[in-house]
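To keep things clear, I will list the structure first and then write my remarks on it.
The values are calculated or read from the model by the stated rules, or taken from the named source; none is laboratory data. Just so we're clear, the structure is a prediction, and the values are computed from it rather than from any experiment. Backbone-built Cβ (ideal geometry, glycine too); neighbour counts: all protein chains shown.
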Amino acid sequence: MKCLECETELDTLDAAHLSACCGLTVQEYALRHGFPLEMLVSPDACDRVEDEADWPASPHQGSRTALITWSALQTAGSVREGGGWQWIPGEIRMLDSLLWLQEQLHSLGFDFRQEYTTAGNSHRIVARNCLKRPPEKTPEVAFADMSEVERRDYAAIVLARAALRRDEYVFIQAPKSENLESLCQWLMSALDIDISHLDALDERHYVRTTSPDDTRRLIEGLLPQLRQIPGQEERLYEEGMRATIVKEQGIDAAHFITDHPGACANLHGGHYSVHFKIHDRIDPSTGFVMDYADLKRIVKSRIIEVLDHHTLNYAAPELTWRSSTEFLAIWMWERLIDYLPSLRELEIHETQTSYCQYRGPTLEEYRKVGPQSLLRHFQDTDLGLRRKREGKAPPLRVINQSE
């Protein structure tokens, strides 16, 4: 086999040759030249089980840099355990970032591996890139015990592993912890930014910058530290190509239309096909505007679980009077815009020939104007009190049982 990088004829093209020849891993070489891994990785190199006894002994105590990095990875929820190992995953597109972490964690015994496994019944060979070591109990450094310099390094690593950019906002998705709460408090005071805490989804805590100005101050405040971590400029703050993705979700629900002159006044069931349209930049680290699975997870938690197989009029107080597709679209928009600031349009099909398109306010506009009063006439606490003050409350007619 000829190496297409250095033109050398080889019996076997392996990781050792590529490392010395061009610095690529086997997976990167395969992606560059359009080869399936099956052409480059022999079957006996797949599904290997490493013996912990053969692993190099690590120091009993890592460096301060390693401990700060370890604590940031724990806060970001990046450390996995299983199969007798602790490991930190990394995607091939962000391999340089993973190798940077290896340098920070080397004194804790972590080493880089590109492992190959056979994927189920497909007989495909799949690569997994990770840092790994035998399980050890390494203590986390409490945020309160870090210096200001360490806090900035720690914050940048948490952003690198747990943050994502949506529209003009930065989100952090991580397990709730004392260090995460302390980090948010420090970001607000040290960088003069505001952070919004959203409801958790699937046990992951959600926080985001409250405004585009907060995003700008966050990035500018941590720019020197972020620039030390490969790939973070393009991932978090460089602009790029944009696209629109659409996710369709179905809802089966009953409803009725109060005061309607036709059959819709009766309780009846129906199927709603909802198209959620997201317009944003294409993330260079993932190749996505947004992972459809993430979009589905947010929609499921915020919309589907509230409405599906329920009566719309009773599922949400804003829909009690008018459970029309128009009101439904406004209600959905207000439930989603905090989590999906790049939401651009909702399209709700009630039948094959009848549907509603709605473009609501941006997150920044929504923060200024708040929820639509159109949906909340009957939730207005002044509704009855105003009549009472003006002496216009409806008269109470007492009907005797004999009447």
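In summary, strands (runs of 3 or more DSSP E) completely within the range 166-209 and bearing 1 or more residues that are polar (S, T, N, Q) and within 11 Å of the chain's Cα centre (by Cα) occur at 169-174.
Can you confirm whether the range 197-209 contains a residue that is over 23 Å from ILE337 (Cβ atoms), in contact (Cβ under 8 Å) with a residue 12 or more places away in the chain, out of contact with any Cys (no Cβ under 9 Å at 6 or more places or on another chain) and not assigned by TED's automatic domain parsing to the domain that holds ILE337? If you could, list the steps in order and put the result at the bottom.
Going through the range 197-209, the residues over 23 Å from ILE337 (Cβ atoms) turn out to be none.
There is no residue in the range 197-209 that is over 23 Å from ILE337 (Cβ atoms), in contact (Cβ under 8 Å) with a residue 12 or more places away in the chain, out of contact with any Cys (no Cβ under 9 Å at 6 or more places or on another chain) and not assigned by TED's automatic domain parsing to the domain that holds ILE337.
A residue that is surrounded by fewer than 18 Cβ atoms within 10 Å (Cβ to Cβ), within 28 Å of LEU40 (Cα to Cα), charged (D, E, K, R) and under 25 Å from the mean Cα position of the chain (by Cα) can be found somewhere in the range 112-135. Residues in the range 300-346 that are crowded, with 19+ Cβ neighbours inside 10 Å and among the aromatic types (Phe, Trp, Tyr): PHE327, TRP331, TRP333, TYR339. Here ASP44 clears all of (1) charged (D, E, K, R); (2) at pLDDT below 95; (3) within 27 Å of LEU180 (Cα to Cα) except the condition numbered (3). With respect to the conditions (1) over 25 Å from GLU203 (Cα atoms); (2) in contact with a helix residue (DSSP H, G or I) (Cβ under 7 Å, 6 or more places away or on another chain), ARG281 lacks only one, and its number is (2).
State whether one or more residues within the range 330-342 are over 23 Å from the mean Cα position of the chain (by Cα), touching a residue at least 12 places away in the same chain (Cβ under 8 Å) and in a helix (DSSP H, G or I).
Within the range 330-342, one or more residues are over 23 Å from the mean Cα position of the chain (by Cα), touching a residue at least 12 places away in the same chain (Cβ under 8 Å) and in a helix (DSSP H, G or I).
You will find that of ARG217, ARG227, the residue that is outside the structural domain of ARG335 (by TED's automatic domain parsing), surrounded by fewer than 12 Cβ atoms within 10 Å (Cβ to Cβ) and over 18 Å from the mean Cα position of the chain (by Cα) is ARG227 and no other.
If you go through the range 137-165 and keep only what is touching a residue at least 24 places away in the same chain (Cβ under 8 Å) and not in a helix (DSSP H, G or I), you end up with THR138, PRO139, GLU140, VAL141, ALA142, MET146, ALA163, LEU164, ARG165. When each of SER63, SER78 is tested for being polar (S, T, N, Q), in contact with a helix residue (DSSP H, G or I) (Cβ under 7 Å, 6 or more places away or on another chain) and surrounded by fewer than 16 Cβ atoms within 10 Å (Cβ to Cβ), the lone residue that passes is SER63. Among all positions in the range 164-174, there is at least one residue which is polar (S, T, N, Q), modelled with pLDDT under 95 and either within 25 Å of LYS300 (Cβ to Cβ) or out of contact with any helix residue (DSSP H, G or I) (no Cβ under 8 Å at 6 or more places or on another chain) (or both). What residue, among those in the range 248-281 that are surrounded by 15 or more Cβ atoms within 10 Å (Cβ to Cβ) and of a type in the set (Val, Ile, Thr), is nearest to GLN232 (Cα to Cα)? Selected residue: ILE278.
Just to be sure, is THR381 of a type in the set (Ser, Thr, Tyr) and more than 26 Å from ILE251 (Cβ to Cβ)?
In short, yes.
What are the residues in the range 278-299 that are of a type in the set (Lys, Arg) and more than 14 Å from the chain's Cα centre (by Cα), if any?
ARG281
For GLY360, the conditions (1) out of contact with any Phe, Trp or Tyr (no Cβ under 7 Å at 6 or more places or on another chain); (2) under 19 Å from TYR169 (Cα atoms); (3) not hydrophobic (A, V, I, L, M, F, W, C) are fulfilled apart from (1).
Among the residues of the range 117-136, those identified as outside any strand (DSSP E or B) and closer than 20 Å to LEU101 by Cα are PRO134, PRO135, GLU136. Filtered by the rule that a residue be touching a strand residue (DSSP E or B) at 6+ places or on another chain (Cβ under 7 Å), at pLDDT below 95 and farther than 16 Å from ARG93 by Cβ, the range 114-131 gives GLU115, TYR116, THR117, THR118, ALA119, ILE125.
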